[in-house]
Amino acid sequence: MNILLVVGLVLFACTIVWVYVLFMSNTINEPEKEKPKEIVHEDVMERCNQLFEQGLHAELQRYAQRELSKNYGNVELRRILAQSLMASGNEQMAIKHYEAILSIAPYDIKTQEMLAQYYCENGPKSRAIELYEQILLYDSGNVNAVENLAKLYEQIENWEKAIEMYQLIIDAEVDENRINELKYTLANLYIKIDDNEKAFEAYEKIHQTDPENLEILLLLADLAYKNKYWQDCLKYYKKIISIVGDDFEILEKIAQMQVTLENWPEAIEAFKKIISLEDPESTNYLYHQNELCNAMLKNKQYPEAIDLLKDLLAQNPKETSFAFTLAQAYTLIGEFQIGVNLYTKLLDDLPPEQGEIIIKYISNLICAWAQDLFKKGEYNQAFDKFFEALKYNEENDDVYYQLGKCNYYIKSFQDSIAHFKRAIAIKPQESKYYFGLGCAYDEMGSVKNAKIAFYDAINIDPMNIQARIAYAISLTKELEYAQSIEQFAEVLKYIPDNADTLYNLALAYELVGDIERAIKYYKKAIDVDHDHKEAKHNIELLLGEEYNPNAGIQYLEDLGIDTAKEEQEEKPVIEAETEEKSIQKQPQEEESKENNLEKGKEQEIEIAPVEGELKEDNLEEEKNLEGQKLQEETIDDKSMFS
């Protein structure tokens, strides 16, 4: 049994060896097969270029597509395929391949530029902008990208970005002619965004290189008008006239500019020039005649204006504008009754809606008549006229305001307050009405109500300097020294040489115990007004000797007073416990001030009068936040504070 098993195994092993030898012999004798030749990238690109040059786009596209299936990321092959598709008119497929290139190579600038140009011409423009912006991220000096972006932003009306791009182009440009063209474009874009100031500046630069360009001159005149650069506007209109001669439309604008600038003699000459050139039958002839009369009235040529208006009214009896202006002329020379008669006669010739306007004019004229009577001391007649004015227009806030003022001056303060309140009820946003109300309350001794009224006045009009002074004084009376110092300092920003304000600020500092600052501001008040008795009196009490204003700064320094600090830019600082301080004065000081200080307060306060009588033109200070000098009014017969 064992022998048979061994024999079987031997036979099996022999069979295995035989099969192996047979297999190996067949393999050795079999001829070697030839390996397929691998096609390299250079060969593929060479073939594609040949096909492209021969115009065989269909074959090129089939070949390139087959090769791309083997190598998706071959950018050069995909680029020539896209070019072929574009050449054969299949733009959509070409763009897909270009976009595929950017997904593989995001910073391929050639592809970005090609795609951006395509989208710039065919849309969407947002994609073109995106691509040009990407180009500028790593190639900020790419002029082509900047120029195309400028045009694209202009096309989609993104004016701010277009301006930014055009400015970059101008900064990089060296050709003067090209720069001037770009400046013109830039100036137009500033107009698009209503930035008339920059547009004016841009056109002025263009004008310097082309001073006789009428189009630029007209644009400059128009922009100067919009910016309220009246002198510039007039200058450019005159320049236009010097080039084109007596252009009627430009002469009208020159006349209007002279009126705006209140150059009345020049305005009169301008209107005379217009009238001399104008056809008497034209629609504007009478209008210009009336404007001439108005300019003459402004120039105080009353007799000439009245004579001319009479002649014009005689020739044109139905021209209501002449009657209206003539009524104004008689009012200006104090002939109020004639003015009222002329206005009243107009009511018969005008439609109801215009008649209502004339009725308001009659009310205003009678109010002015009443004021004139009051100034002459004819009080009873004045008040009769005020109430007659209210019969024409019971909602005439100015009449109530004037009644408030007149009652204030005759010391009928209760009536004054009632009339000021009525004016406020009709027109609550008029600062001067609150100021008048505060003055009346102050005269009655109602300091709290006065303070509230003055605060309301400056809250409505922060540039109402008189109201701010009065508010500061009322704060001082109420022992609110820290706030009063802030208000006096605010006033001095606009009228730094006002002696009374300097005095009141010095007094407030004295009341809080800041003697050094008090002396300094008393000195400033005396420097402005050498005859300021209160300031001299107080500084002598503080110094304990007679003050010599001519001794200069050294005089104060010798007394140990530090005058080196600059107070103009210093913001007053008051300790929180200021109002709790009690300023101790020598008995002789209190006695010497007794006649000037108010009674019944914890601290005794001496208040300087506020300059100016309570009158309309004094209350309406010209607003000028850019530091122009405020007009100071004068006292007629009394101050507003006693």
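The values are calculated or read from the model by the stated rules, or taken from the named source; none is laboratory data. Since the structure is predicted, the reported quantities are computational estimates derived from the model, not experimental observations. In this analysis, Cβ positions are derived from the backbone assuming ideal geometry, glycine residues included, and neighbour counts consider all displayed protein chains. Heads up: the accessible areas ignore ligands, DNA and RNA and are worked out on the full protein's heavy atoms, side chains in. Shrake-Rupley method; radii C 1.70, N 1.55, O 1.52, S 1.80 Å.
When residues in the stretch 513-527 are screened for being in contact with a Pro (Cβ under 6 Å, 6 or more places away or on another chain) and outside any helix (DSSP H, G or I), 0 of them pass. Checking each residue in the stretch 456-471 for being over 20 Å from residue 500 (Cβ atoms) and either assigned to a helix (DSSP H, G or I) or touching a Pro at 6+ places or on another chain (Cβ under 8 Å) (or both) picks out 456, 459, 460. The condition (being within 30 Å of residue 232 (Cβ to Cβ) and among the acidic types (Asp, Glu)) is satisfied by just one residue among 319, 304, 262, 281: 262. Among the helices (runs of 4 or more DSSP H) confined to the stretch 97-201, the ones with at least 1 residues that are without any contact (Cβ under 8 Å) to a residue 12 or more places away in the chain and closer than 30 Å to residue 73 by Cα are located at 109-122, 125-138. Report the residue count in the stretch 478-500 for those that are buried (at least 20 other Cβ atoms within 10 Å of the Cβ) and either part of a helix (DSSP H, G or I) or modelled with pLDDT of 95 or more (or both). Residues flagged as buried (at least 20 other Cβ atoms within 10 Å of the Cβ) and either part of a helix (DSSP H, G or I) or modelled with pLDDT of 95 or more (or both) within the stretch 478-500 amount to 8. For the stretch 244-265, the set of residues classified as in a helix (DSSP H, G or I) and either among the basic types (Lys, Arg) or surrounded by 17 or more Cβ atoms within 10 Å (Cβ to Cβ) (or both) consists of 250, 251, 252, 253, 254, 255, 256, 257, 258, 259, 264, listed by residue number. The condition of being closer than 30 Å to residue 213 by Cβ and out of contact with any Cys (no Cβ under 9 Å at 6 or more places or on another chain) holds for only one of 284, 299, 294, 316, that being 284.
Residues that are open to solvent by 80 Å² or more (accessible area, probe 1.4 Å) and either farther than 22 Å from residue 366 by Cβ or at pLDDT below 90 (or both) within the stretch 315-345 comprise 315, 317, 318, 345, listed in sequence order. Say we look at the stretch 448-466 and pick out the residues that are open to solvent by 20 Å² or more (accessible area, probe 1.4 Å) and more than 28 Å from the chain's Cα centre (by Cα); which of these is farthest from residue 423 (Cα to Cα)? Per the stated criteria, the residue is 448. Pairs meeting the criteria (first residue in the stretch 409-433 and surrounded by fewer than 17 Cβ atoms within 10 Å (Cβ to Cβ), second residue of a type in the set (Val, Ile, Thr), beta carbons under 7 Å, at least 6 apart or on different chains) are 429/460. Look at residue 295 and say whether it is in contact (Cβ under 8 Å) with a residue 12 or more places away in the chain, within 39 Å of the chain's Cα centre (by Cα), open to solvent by less than 40 Å² (accessible area, probe 1.4 Å) and under 30 Å from residue 356 (Cβ atoms). Yes, satisfied.
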